[in-house]
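One structure below.
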Amino acid sequence: MKALVVIPTYNEIETLAGALDGVRREAPAAHVLVVDDDSPDGTGALADARAQADDHIHVLHRSEKNGLGPAYLAGFSWALASGYELICEMDADGSHRPEDLALLLQRAQMADEPDLVIGSRWVCGGATSGWDAKRVALSRGGNLYINAWLGLRVKDATAGFRVYRASTLRRLNLGEVEALGYGFQVNMTKLVADAGGRIVEMPITFREREAGRSKLSGGIFSEELALVTKWGLAKRGGQLAALAGSARDGARNMLRRARGNRRDQKRSR
C-alpha cells in the first residue's frame, strides 16, 4: 500500500537528516512529507535540499508556527489529495525509531485492516529509553486519566507514532479537532473511537530526543488536561441523559402495563 510518513518540524536541523535517513533505510517504499513551520534555523532549507535529491521526500512549508495539530492536519490534507493509502505520524527528533516504523506499517496492512495503529510505550513489550521515573509516572498517569474520562481502552492515547488508513481519515470530520498541541493525539484517537474505528497498539521503544530542545511545556499539558475533562464531562452527560431517558421510558411502559391490567380486571368482573 502507498504510504506517507508525515514529519512536522520546527528547528529540527540537528536531527532531521538522521530521521529521513532512518525512514528511507527501514521503509524504502514509503514517501516522506516534511511539514516545516518556517523554522528559523534552516530546517526547511535542509528539507528542500533532501527533496531535490530524493523523489521520495517532499516538503510542505507553512508560514507560521501555530501548533502540532494544525501541522499534522495540513499534512493529512496533502496526503489525501495525493492519493496515499496509509498516513503515518513520526517525530523528527530521533525519539521514534525507524525500525519500529517498519513494524507499524506491516501491522497496518494486515488482513483485519485496522483504522489506526498506535506505536505504544505502555503495552507489553513497549518501553522508554532515557526517561526518569517522574516522566514515566506522568505519562502513565495521564493515560489513566484519559481512559477514566473517555473510556478509549487504549493504553497510550498520547502516543505520536502512529499509522492511519486514508479511508478512515476521510470518514472523520477533521474540522472537529480542537487540540493545537500534544492533545491532538488524544483528540484524533477519540475521533477514530467515536466513529467505531478499529484501534490496535504495537509495542515500540520511545527514546529521549537526540538533540535540540523539547517543545513540551506546561501550557501543552494544561490544554490536554482541560480538553480531556471537557470531553469526559460531555460523554458522562450524554450517558446520564440516555440513562434518564431509558428510566423514563421504562416507567412509562410499567404505567401502561399497570393500566392495561386494571382494565382487564374490570372486564373480567
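FYI, it's all coordinate maths here, none of it is from the lab. Being a predicted model, the structure only gives us computed values, none of them experimental. So basically every Cβ, Gly included, is an ideal-geometry build from the backbone, and we count neighbours across all protein chains shown.
Some notes on this structure:
- Annotation: amide H-H contacts under 5 Å for Val177 (H modelled 1.01 Å from N, sequence separation of 5 or more, or interchain): none.
- By average C-beta atoms within 10 angstrom, highest first, the peptides 72-84, 157-169: 157-169, 72-84
- Spin-label model, Met1/Asp21: points 7 Å from Cα along the beta carbon direction are separated by 3.0 nm.
- Ascending count of other beta-carbon atoms within 10 Å, so fewest first, for Met202, Met90: Met202, Met90
- Rounded to whole numbers, the Karplus 3J(HN,Hα) couplings from phi for the range 53-64 are 8, 9, 6, 8, 10, 10, 9, 10, 8, 10, 7, 8 Hz, using 6.51 cos²θ - 1.76 cosθ + 1.60 with θ = phi - 60°, and x at Gly and Pro.
- Inter-label distance, nm, simple model (7 Å from Cα along the C-beta direction), Ala45/Val123: 4.3
- Treating r as the C-beta distance of Ala148 and Thr205 and R0 as 35 Å, the FRET efficiency rounds to 0.85.
- Relative packing of 189-196, 94-101, 110-117, which averages over residues the other C-beta atoms within 10 Å, highest first: 94-101, 189-196, 110-117
- Extension gain for Leu174-Asn66 works out to 37.2 nm (0.36 nm per residue, less the C-alpha to C-alpha distance).
- Spacing of the two label points (7 Å from each Cα toward its C-beta) at Trp131 and Asp54, in nm: 2.8
- Residue exposure sequence - Ser222, Ser120 - by fewest surrounding Cβ within 10 Å: Ser222, Ser120
- Fewest neighbouring Cβ atoms within 10 Å first, the residues Arg24, Arg170 line up as Arg170, Arg24.
- Vicinal HN-Hα couplings computed from phi for the range 105-115 (Karplus, 6.51 cos²θ - 1.76 cosθ + 1.60; Hz; Gly/Pro x): 5, 4, 5, 5, 9, 6, 4, 6, 6, x, 6
- Entries of Lys2/Lys235; Lys134/Lys155; Lys2/Lys190 with Cα pairs more than 29 Å apart: Lys2/Lys235
- Near Val59, the amide H atoms lying under 5 Å from its own belong to Val34; only residues 5 or more places off or on other chains count, and H is placed 1.01 Å from N.
- For Lys2, the residues whose amide H sits under 5 Å from its own are Glu85, Leu86, ignoring neighbours fewer than 5 places away on the same chain, with H placed 1.01 Å from N.
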